[in-house]
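Structure first, commentary second.
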Amino acid sequence: AKNISIGENGHVYFAGQDTIVLAQEYGTPLYLLDEEMIRSNCRVYKNAFKKHFGEGSCPLYASKANAFKRIFEIMSEEEMGIDVVSSGEIYTALQAGYDLKKAYFHSNNKTDKDISYAMDNNIGYFVADNIEEIKAIEREAEQRGIKQKLLLRLTPGIDPHTYEAVSTGKVDSKFGSAIETGQADEITRYTLNQSHIELAGFHCHVGSQVFAEDVFERAAVIMLKFSAEMKRKYGYITQQLDLGGGYGVRYVDSDPFMDVDKKVSEVAAAITDSCNSLGIEMPEIHMEPGRSIVGAAGMTLYTVGTVKTIPGYKNYVSIDGGMPDNPRYALYKSSYTCLLANKMQEDCDFKCSIVGRCCESGDIIQENVMLPQSVTRGDLVAVCTTGAYNYSMASNYNRIPRPPIVMLCDGRSYVAVRRESMEDLCRNDL
Ligand code: LLP
């Protein structure tokens, strides 16, 4: 990534700062986040949307990728909308002073309590998944005497060719209502008959870490055809079309580069064509990028402990973190680029597995990594591209405290999330 470089001292530099110095100052394991890259990614999306979709259309940051107070302040300053999936994310955004007008509340199972909490805080939009939820939203809105805006989540029936755990747009998905089965039509008709709900449009999300060429174009076309049908059948005009998140990031050299402006322009061309041939107005377009906003802006630093060689079998390099701060290899066998951050001038001829400190064999950060032969206790490992779905999926497994998040900006660094303490671990224990 363009925010990683090698200094003359053989150290990895991240966002222009020496990782060895940062590790000394803040300790390890340590999450670093490049604030300037996060901001510039937001601007790339915002400008592309303005240019290709026009005013009113805007990107929504998918908070699930990485949610903590400071990031919501940044999203607020960058005038990004947000996608939230729980009362906890809403609470965090509110604590940061984020105005929920441009917040879209997702999830396939919002409790009555979630719905009421979101409405009490004037959430802009719900993205409703199913009829039960619409009934609950109608009830809560009626009690408050308001008209709640919402989008309906639909499944366009598309296979995004990514890993199964993050593929969500297929007909048999647990999310949304399928167009193919007629349930999308049914739920639209039902929603249009509610008196305390304003149907603002439709939503779909096909998957995450998507590189396949025309997935978003195909999804958009299916959604627009459905919109045209709803116009014909019920006279309903779609104001907003939200195509979800999913653009991939480059974890390893074999992953392609993504040019967001180009991708957005291609989706816009498909949408324009489709609207013209269907004879409908182009709705406001939204997307919900998470990974592509924060992924490459993150790096995790660890200190090497044990180096173990099992002659004739394999080598292990153990680090002071692992699946509690990054469960993605354990869950999805995700690829990462791992560097020995203090020895970048040495050749990498030692093949090893980088493993964590938890009591299970699946606690692996990456296998078949090449590091310098001299790797030893006290060395520093940098795992790149950990800005998305690392901190947000972190746990206290084995009662290991979560690492802090240190933000890097203009050659400065500051703590945005404090390192958890031992006391934090027992905070709720009675
Ligand atoms: N919108 C919706 C409705 C979503 O479900 C998601 C991700 C996004 C937006 C953001 O997608 P992104 O732009 O970040 O790809 N834990 C997994 C990823 C799960 C993604 C779930 N939904 C991982 O670590 O790879």
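No value in this document is a laboratory result; all are computed from the given coordinates. These figures come from a predicted structure and were not determined experimentally. Cβ placement follows ideal geometry from the backbone for every residue including glycine, while neighbour counts extend to all protein chains displayed.
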Query raised in the report: Dipole size in debye (nearest 20) for the chain around its Cα centre, Lys and Arg Cβ +1, Asp and Glu Cβ -1?
Result: 280
Report task. Determine the percent antiparallel among the DSSP beta bridges restricted to region 35-293, to the nearest 5. Result -> 5
Query raised in the report: Roughly how many whole Å is it from the C-alpha centroid of region 113-140 to that of region 314-380?
Result: 44
Query raised in the report: Do the alpha carbons of any pairs in Lys147/Lys233; Lys2/Lys69; Lys46/Lys262; Lys51/Lys263; Lys69/Lys102; Lys51/Lys262 sit beyond 20 Å of each other, and which pairs?
Result: Lys147/Lys233; Lys2/Lys69
Query raised in the report: For the chain, rounded, prolate or oblate, judged on the Cα gyration tensor with a ≥ b ≥ c (square roots of eigenvalues), a/c < 1.5 rounded, else prolate if a/b > b/c?
Result: prolate
Report summary line: In the chain, taking the dipole from +1 charges on Lys and Arg beta carbons and -1 charges on Asp and Glu beta carbons about the Cα centre, the listed residue (Met282, Ser57, Gln194) farthest towards the positive end is Gln194
Query raised in the report: Most exposed first by the Cβ proxy, i.e. fewest other Cβ within 10 Å, how do Lys231, Lys351, Lys2 rank?
Result: Lys2, Lys351, Lys231
Query - Rounded to whole Hz, the Karplus (6.51, -1.76, 1.60) HN-Hα couplings of region 292-308, x for glycine and proline - result: 6, 8, 10, x, 6, 7, x, 8, 10, 10, 9, 9, 6, x, 6, 10, 10
Query raised in the report: If you place +1 on the Cβ of every Lys and Arg, -1 on the Cβ of every Asp and Glu, and leave all else neutral, what size is the dipole of region 53-192 about its Cα centre, to the nearest 20 Debye?
Result: 240
**Report entry** Förster-model FRET efficiency, 30 Å R0, Lys231 and Asp120, C-beta, rounded to 0.05
**Finding:** 0.30
Query raised in the report: Cα to Cα, under 16 Å, and not fewer than 8 places away if on the same chain: which aspartates and glutamates meet these conditions relative to Lys333?
Result: Glu164, Asp255, Asp325, Glu360, Asp363, Glu367
**Report entry** Helix-only CD estimate at 222 nm, as mean residue ellipticity for the chain, using -39500 (n - 2.57) per DSSP H run (n ≥ 4)
**Finding:** -9000 deg cm²/dmol
